Amino acid sequence: MRSFILSLLALVAASPTLAAEKPNILFIYTDDHSNRSLSCYPEAYPFLKTPNIDKLAKEGVRFHAAYNGSWCAPSRATILTGRHPYGIESMKFIDPYPNSTYDPKQCKFWPTEFRKNGYVTAQIGKWHTGTDAGFGRDWDYQIVWNRPLHTKNAGAYYDKQLLNTNGGEAKETAGYSTDNYTKWAVEFISGKHRDAKKPWFLWLCYGATHGPITPAERYKNHYADAKVPVPKDIFGPRMGKPLYVREMKAWTKLADGSIVGGSGAPGEVGAPGKLTLEGMIRKYAACGQAIDDGVGELLKALEDSGQTKNTLVVFTSDQGFALGEHGFRHKLAPYDATLRSPLIFRQPDTVPEGKVCEVGASGVDFAPTFFAAAGLKLPWDMHGHDLMPLVKNPQADWPHVMLYTNTGQKFGSDTHAIPKEYPKNLQSGVPWWLAVRKGNFKYIRTLVEGEVEELYDLKTDPDELTNLAYDPKHKDTVAQMRKALEEELKRTKCGFAEKLPAIAKELPPAKK
């Protein structure tokens, strides 16, 4: 009997999933939500206040940046697979947009593995990754706004959404979507629709602050008198940048000095009409206030249900959104202003309080991190790295380079042939590109023959105004970053790694 007890104790000690209670994971995922929209970030709009998200950061670790994807769909596909878009097989877009499809045998989503290992999995909110939203395979509980399935309802970001509950018939649902999602998430956290004896994973996908940027009625005039800063290079000339950035004309200055949305690059904020830059930024900031309210309600639900200490809360966005920076009214481009997302981790007694991690994270890192937090082994080869060593010690050495990409609407083997030319409409299209970040430096490779390469020192030039790639002083750094990019493409088995187009030998001359 004594030997049996000793053997049992040894088994418990050896197994992380038996030795300690598995954590719940609340993954809060916003949309087009730049770090400029969170007041816990130093580059936030100076008038903006997000007290609940600030509290989350104060009680956890705030990452300087996350680069989760170039736009909505590949960002989500990367999250669900742990792989860069070029490593995600069978996903395709089919007219009319955003109709898309994938083969779940070739393109597996990891929440199904959490289910196999004793977790209750749930997804609430926006879905932009194939008409098959995965209920019963990946999710035990789901209230989903399935945009690929309901293409005619795909613009209803804030009201009258067609929602499917647990795979049932879609029903039009009234109410402000951000508040609806919060209400249903609070119910789930509080114990409804799940086995209370099991740990849970909830992916809460807000549609805000995506266009048409629509604040909740209570925040309609929240920042009506706010003084808005004008981005430094909204009108260029943006020398040292690729052609599509130099030619970007998404804004127009009127005779009275006001700045309004121009004819190019409408992005996804809806037709701006006569809305000024100041007005658009005020709406964008106000649109995020309901998310901040939601975070407060979610944290209260965890506290009221006694789950605070055993729940890892992660807050991020699919990508950011530029409003004037580099001339953009868009995402898609590889710059911090267009793509950089916030990232915060909190779990009392597990995650240190009030710390900042300067390392840039990638969207492929989330799945390995969640598996590590849950004490589970990865079910397949993933491209990212477990961030938990940085979460627990934000100053830890980090040997990895961070890669993020844009291959438009192409995935898997469909990315093997790089487009030979720019998109026909430079104002709304962005070419394929690759980017790596290591320490303070970011290197960008636009995948168009003869285009410039780019290098930025994000510490001295956070706005990415000065391309250092052709400065002889940075020759060694450029060589190191090129090598880092090549090695990362090779490590992740990128199918077009050996087909990258040639780089411009010098910067284009300045316009007279």
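Some values worked out for this structure:
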quantity	calculated
Protection-proxy order for peptides 435-441, 350-356, 503-509, each taking the mean of Cβ atoms within 10 Å per residue, highest first	435-441, 350-356, 503-509
At q = 0.15, 0.16, 0.21 Å⁻¹, base-10 log of I(q)/I(0) for segment 111-227 (Debye sum, equal scatterers on each alpha carbon)	-0.68, -0.76, -1.15
Around Ala156: net Lys/Arg minus Asp/Glu count, Cβ-Cβ under 10 Å	+1
Helix-only [θ]222 nm of the chain, DSSP H runs n ≥ 4, -39500 (n - 2.57) each, per residue, nearest 500	-6500 deg cm²/dmol
Full-extension gain in nm, Lys183 to Lys483, via 0.36 nm per residue minus C-alpha separation	103.2 nm
Restraint check, Lys160/Lys220; Lys438/Lys459; Lys108/Lys483; Lys198/Lys377; Lys108/Lys493, Cα-Cα greater than 21 Å	Lys108/Lys483
Per-selection Rg to Rh, segment 43-154 - Cα, Kirkwood hydrodynamic radius	1.03
Under-5 Å amide H pairs with Thr121, H placed in peptide plane, nonlocal only	Asp140, Tyr141, Phe201
Label-to-label distance, nm, for residues given as Lys198 and Lys420 (7 Å Cα→Cβ offset)	5.3
Amide H contacts under 5 Å for Ala66, placed H, 5+ residues apart	Ser341, Ala361
Viscosity 1.002 mPa s, 20 °C: Kirkwood-radius Stokes-Einstein D of segment 404-499 over Cα pairs, µm²/s	149
Peptide ranges 281-291, 117-127 listed from the most packed, as the mean C-beta count within 10 angstrom indicates	281-291, 117-127
Over segment 236-368, relative contact order from alpha-carbon pairs under 8 Å, at least 6 apart, %	21
Restraint check, Lys192/Lys300; Lys309/Lys392; Lys241/Lys442; Lys241/Lys410; Lys331/Lys442, Cα-Cα greater than 20 Å	Lys241/Lys410
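Values in this text are rule-based calculations from the coordinates and carry no lab data. Note that the structure is a prediction, hence the values are computed from the model and not measured. Glycine gets a Cβ as well: all are built from the backbone with ideal geometry, and neighbour counts include every protein chain shown.
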